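The values are calculated or read from the model by the stated rules, or taken from the named source; none is laboratory data. None of the values given here were measured: they were computed from a predicted structure. Backbone-built Cβ (ideal geometry, glycine too); neighbour counts: all protein chains shown. We work out accessible area using only protein heavy atoms, side chains counted, and drop any ligands, DNA or RNA first. Shrake-Rupley method; radii C 1.70, N 1.55, O 1.52, S 1.80 Å.
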Amino acid sequence: MARQPRKEASTFLLFPWGLLSIVLILFLNIVFSGFFGKNWSWLVLILIIPAAILENLKVGYSTMKIMFLKTIYSLISFLLVGMAFGAALAGWQITKFQKVENIDKIVLPWYVLLALFVILMIEIVQLFSMLKAVKREFMQFDPDN
């Protein structure tokens, strides 16, 4: 019986779409905060929807490499969003309670924080779906099943 050659996963499946969306949202908000004005909420929405769709397309693929990279990318996403929330909260706390003015701080509008929260919720759902896929993958090796 001939063994089929193993195929590598496509770049589409290995690419961190959610992490890219988080980085773009943070980068565009910090660098071009005054440039977009009121249209920023639409730009955030345009960045969230493709990331959610592209991440959901990965659910059916359960190779260990894809699941491992997805877990690593999700952890990095949580780290970046946590640092952004912390920096925004620290800037708010310094101006509100310590009454320090003329300080450089990161200002994230509520819709950017909401967008980051939505992307993190997508990441959490993806992680749980991959845990289910890992369980399914390991169960097929169980001789009792």
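Computed quantities for the displayed model
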| read-out | value |
| --- | --- |
| Within the range 1-29, considering residues that are out of contact with any helix residue (DSSP H, G or I) (no Cβ under 9 Å at 6 or more places or on another chain) and part of a helix (DSSP H, G or I), the one modelled with the highest pLDDT | 27 |
| Hey, residue 99 out of contact with any Lys or Arg (no Cβ under 9 Å at 6 or more places or on another chain), charged (D, E, K, R) and modelled with pLDDT of 80 or more or not | yes |
| Candidates 89, 116, 79, filtered to the one that is open to solvent by 40 Å² or more (accessible area, probe 1.4 Å), outside any loop (DSSP other than H, G, I, E, B) and closer than 24 Å to residue 49 by Cβ | 79 |
| Scan of the range 92-113 for residues that are closer than 20 Å to residue 49 by Cα and assigned to a helix (DSSP H, G or I), ordered by number | 110, 111, 112, 113 |
| Near pairs, Cβ below 7 angstrom, 6+ apart or cross-chain, from the range 97-112 (over 18 Å from residue 83 (Cβ atoms) and open to solvent by less than 100 Å² (accessible area, probe 1.4 Å)) to any residue that is among the small types (Gly, Ala, Ser) and part of a helix (DSSP H, G or I) | 111/41 |
| Residue list for the range 121-144, restricted to those being open to solvent by 80 Å² or more (accessible area, probe 1.4 Å), under 16 Å from residue 66 (Cα atoms) and hydrophobic (A, V, I, L, M, F, W, C) | 125, 128, 131, 138 |
